[in-house]
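Structure first, then comments.
The values are calculated or read from the model by the stated rules, or taken from the named source; none is laboratory data. Note that the structure is predicted; figures quoted are calculated from it, not measured. Cβ placement follows ideal geometry from the backbone for every residue including glycine, while neighbour counts extend to all protein chains displayed.
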Amino acid sequence: MTLEPPPLPLPALEPPPLPERNERKPRRWHYGLPLAAIAALIAIYVGPLRVEVYFTDDAGRIPAPFEVTLHSGNFEKKVTAENGRINLIRGMWRELEVTDHYYVRSSYPVRGGDMKLGIERNALLKLKQAATGTPSIPQRGDPDPKDDRER
């Protein structure tokens, strides 16, 4: 008994059939539309519409937290400037006004990009507080008022 290998198949003249495409397969392009819209809004906010406002006082230092009023037509909003800076959207606000009584009241138009503003401390308020004996705003280098009390 001789074992011979089986004969090789003849080359096919037609290409093999393609696997059937699943017609119910979800298309993912519609997930990209909301993501693209969100990315565009973030780019607009980070780009041309965002305004960063940096404040320094008349001594060139970063002021303590103080109150700023934002104006837009008949609408206004009071915010607190922390670490001497605030972030705004330019199209939403037209003007900002320093309304804290420790600083001289002043108003500035909102422009694009970064705004560096100098604000002046209210010297009359400090003099009035010194004359009446009420505590003033502690400044760098002032003695600690807790150490001045009698023990």
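Do you know which of the residues in the range 38-52 that are touching a Lys or Arg at 6+ places or on another chain (Cβ under 8 Å) and among the aliphatic types (A, V, I, L, M) is modelled with the lowest pLDDT? Here the residue is L49. Collect the residues in the range 57-89 that are of a type in the set (K, R) and within 14 Å of the chain's Cα centre (by Cα), keeping them in residue-number order. Passing the criteria: only R85. Is it true that M92 is in a strand (DSSP E or B), closer than 25 Å to G47 by Cα and modelled with pLDDT of 75 or more? Criteria not met by M92.
Among residues of the range 109-130 that are among the β-branched types (V, I, T) and in a strand (DSSP E or B), those with a beta-carbon under 6 Å from a residue that is surrounded by 12 or more Cβ atoms within 10 Å (Cβ to Cβ) and at pLDDT 75 or above at least six positions away or on a different chain give the pairs I119/F55; I119/D57; I119/V98; I119/Y103. Can you spot a residue in the range 137-149 that is at pLDDT 85 or above and outside any loop (DSSP other than H, G, I, E, B)? There is no residue in the range 137-149 that is at pLDDT 85 or above and outside any loop (DSSP other than H, G, I, E, B). Here V110 clears all of (1) modelled with pLDDT of 90 or more; (2) out of contact with any His (no Cβ under 8 Å at 6 or more places or on another chain) except the condition numbered (1). Cβ separations smaller than 9 Å between residues 6+ apart or across chains give the following pairs from the range 49-73 residues that are on the phi > 0 side of the Ramachandran plot to residues that are assigned to a strand (DSSP E or B): G60/G118.
Hey, any hits in the range 55-76 for a residue that's loosely packed, with under 13 Cβ neighbours inside 10 Å, at pLDDT 90 or above and either of a type in the set (D, E, K, R) or touching a Pro at 6+ places or on another chain (Cβ under 9 Å) (or both)? No: the range 55-76 contains no residue that is loosely packed, with under 13 Cβ neighbours inside 10 Å, at pLDDT 90 or above and either of a type in the set (D, E, K, R) or touching a Pro at 6+ places or on another chain (Cβ under 9 Å) (or both).
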